[in-house]
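The values are calculated or read from the model by the stated rules, or taken from the named source; none is laboratory data. Keep in mind the model is a prediction, meaning the values are calculated, not measured. Backbone-built Cβ (ideal geometry, glycine too); neighbour counts: all protein chains shown. Heads up: the accessible areas ignore ligands, DNA and RNA and are worked out on the full protein's heavy atoms, side chains in. Shrake-Rupley method; radii C 1.70, N 1.55, O 1.52, S 1.80 Å.
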Amino acid sequence: MLVGVITGGAVAGIRATNGDSQRAPAPTATAAPGSPRATAEAFAAAWSAGDTAALYALLDIGSQGANAQQIFAETYDGFAAETTLSRLTATVTAVTEGSATLSVHLATAYFGDFEYTTTLALTHVPGKWLVAWDATAIHPDMAGGSRFRGTIDRPHRGTIFDRNGTILAVTRDVRLLGLNRSLVIDRDALTAAVASLGLTKEQVDAAFASTTVLNQRVTVGPVPDERAESALTVMRTVPGILLYFETQRVHPLGPAAAHVVGYTRELTAEELEKRQGQGFRIGDRVGAIGLEASFETQLAGQAGAELRLVDVNGLTLKTLFSRTYIAGKDLTTTLDAAVLSATYARLGARAGAAVVIDPRTNAILALNSSPSFDPDAFERNDRASLTAITANPGKPLTNRATTGLYSAGSTFKLITGAAGLASGLYKTTDQIFCGATWAGLDPPRRNWEGTQGPLTIAEGLMRSCNSVFYEIALNLYNKTEGQLSKMARSFGFGSPTGVVGLSDEAGLVPDAEWKKSTKKEVWFPGDEVNLGIGQGDLLITPLQLANAYSSFTAGQLRAPVLVAGELATPRGAIRLTPEQFALLRFGLRLVTSPTGTAAFWFSNSGYTDFAGKSGTAEDVGTQSHVLFVAYSPAAAPRALAAVVLDEGRSGSLEAGPIARDIVVAALK
């Protein structure tokens, strides 16, 4: 009987169901030549190696006469195919003059591992022993024409949609152009013909560089539907060109959604070993990054599998294994394809990231990192494109939106103002002098735009006055126990955002305990003052920045949402009074007003219902990035964008108009 033990055992060799195989090394024979054990061990070794010719040579004349070699080989190959055999190890456990007992370990791709014993009948001929073979030598249940039949039901990978039903990822038949290089007459003419279809010389060169045999088909690239007729003409007139269809994962937005939606990849040999018996085979793909990876189980479903013993008429005698089929499920996200495309276009060639959120629900509408890449290059295994991606010094595979760590710059002044108000050290009506220099610590520190006079905290945000926030931070250092760093954490900095579907960095909110434990140093007043304007050791991600400002508009920290229908999980209150919230919101509104630092790109350009805050990293020589957070309508925002550019001089002048245009696109 075939006794199933489903394990994750290691696979020494892989046997595909199309008959191509690699087998475990054959056991070394130890018996005396010509003995029954020698024959049994040779049979076990040949079977373990998948060598049916060697097996057939061990049969006696009667067995060979009753079983043509081709039929004999097909019986073993059929058993391997039906059981989805990955590895078989046969070992001789007992021998008599008339028989031998084999212990068989069967590892399968879909049905787990099996252990059973079978018996070889042995006959003596002059000088040696041979096998009197019938199908029970494969398995004792295969008597009288019975055989094993495996049924596999493989699910279709689910589709990923945006919030409006636009497809972001789908599995479909893709028209491909390929080459049979053995038929090519004129390579230059072929390259020119392929170029007329939108494919590149580099793709053709990569196909010609393939190490496969010349008459084996190699892929050049996809042919869109609008060029199908032209491709047919080229195929008929240029020797060596082929057209065919393959099922592939396709991401219609391409680079505009690459980092958040992701792509799939082929399972490695090591992963196939670990997943032995779970329904995976050579060539199967899984999500590599983004939503494709995070929702792999939902999108992929589960292959149904059943292994039965049937009689000569195909009637089931018994079922040895059954796994339930689970269909791949679609995933509807909160993303907006139009906003993703607009954000990608607006970032253009600038390295950086942008995150767009609907503050009402904290739903992510877009999450873009620049430079980006074509995710379908991984689906096609387009070597030329993949080489260009991995060699790009801009590191397009890095998701700057979730893993890029930046100083917050002056966007952090909102948190400093909130900490000052929440501490009770400042009232909403208090004014703080904004001088050209701030002498609260030695040496004095410069304010970026000179003296502005007495300012409320809201007016301090409007002019982004360093002196105002230096003063607040120093007072917090002297009169509270870590109030500034605590307020930063209440805005979500210093920990992952809690978004389901993406992995994001925690960043860092420095404080006295952190500095003592990591640097073995005391937290000085200068550390707090640097933190007050978003500098020093503070590190944030663009996603954290967008989420912090979105949560501020709602009055409580929330996890961002990526999956349609989910609610934003509350993660703690931002402890401010209604009057304090109102003052800070007014300050953000003033930033885009005619007297604010972002006036030129907002109110002077006709965009009058915005609020926001700029940030420019000021650690000369170590930081050069710029930031801007914008949202609209100011009183009840429906869209918010946080933009971070890796290189820049002014958050208001460079990141500001990008954030503004993205918000406008999201409001359409």
Average Cα contact separation per residue, the range 119-232, under 8 Å, 6 or more apart, as relative contact order %: 20
Sequence-separation-based contact order of the range 299-359, relative, with Cα cut under 8 Å and 6+ spacing, percent: 29
Using the Cα centre as the reference, give the magnitude of the dipole from point charges on the C-beta atoms of the chain (Lys, Arg: +1; Asp, Glu: -1; all else neutral), rounded to the nearest 20 debye. 1120
How are the alpha carbon pair distances in the range 201-273 distributed across 5 Å bins from zero to the largest one, expressed in percent? 3, 11, 15, 18, 21, 16, 10, 5, 2, 0
May I ask you to evaluate 6.51 cos²θ - 1.76 cosθ + 1.60, the Karplus curve with θ = phi - 60°, for each residue of the range 394-399 and list the ³J(HN,Hα) values in order in whole Hz, giving x for glycine and proline? x, 6, x, 6, 6, 8
Once the Cβ-Cβ distance between Asp609 and Ala506 is put in as r, and R0 is 45 Å, what FRET efficiency do you end up with, to the nearest 0.05? 0.85
If you compute P(r) over Cα pairs in 20 Å bins from 0, in percent for the structure shown, which of (i) 15, 42, 33, 10, 0; (ii) 16, 34, 26, 17, 6, 0; (iii) 13, 25, 19, 16, 18, 7, 1, 0 do you land on? (ii)
Backbone HN-Hα couplings from phi across the range 49-58 [Karplus 6.51/-1.76/1.60, Hz, Gly and Pro as x]: 8, x, 9, 5, 5, 5, 4, 5, 5, 8
With 19 Å as the limit, write out which pairs from Lys413/Lys613; Lys329/Lys668; Lys413/Lys516; Lys486/Lys515; Lys413/Lys486 have Cα-Cα distances beyond it, or answer none. Lys329/Lys668; Lys413/Lys516
Residues of the range 322-343 with backbone nitrogen within less than 12 Å of a virtual label 7 Å along the Cα-to-Cβ line of Asp153, please, listed as ranges. 323-328
Can you give the net charge of the other residues whose Cβ lies under 11 Å from the Cβ of Val223, counting K and R as +1 and D and E as -1? -1
Mean accessible area per residue over the chain (1.4 angstrom probe, all protein chains present, square angstrom) is 42
Selection of trypsin sites (Lys or Arg not before Pro), the range 196-257, meeting DSSP coil and at most 14 other Cβ within 10 Å: Arg217
In sequence order, calculated HN-Hα J values of the range 567-577 (Karplus, 6.51, -1.76, 1.60; Hz; x Gly/Pro): 9, 5, 6, x, 10, x, 7, 8, 7, 9, 6
Contour minus end-to-end for Glu270 and Ala388, with contour as 0.36 nm per residue of separation and end-to-end as the Cα-Cα distance? 39.8 nm
Whose amide H sits under 5 Å from the amide H of Trp523, counting only residues 5 or more places off or on another chain, with H placed in the peptide plane? none
Run down the aspartates and glutamates and flag those whose C-alpha is under 13 Å from the C-alpha of Lys427, throwing out any fewer than 8 positions away in its chain. Glu579
Percent of alpha carbon pairs in the range 544-585 separated by more than 11 Å? 66
So what is log10(I(q)/I(0)) for the range 221-334 at q = 0.11, 0.12, 0.18 1/Å, when the Debye sum runs over its Cα atoms only? -0.63, -0.71, -1.03
What per residue convex hull volume, in Å³, comes out for the range 511-622 when only alpha-carbon positions are used? 185
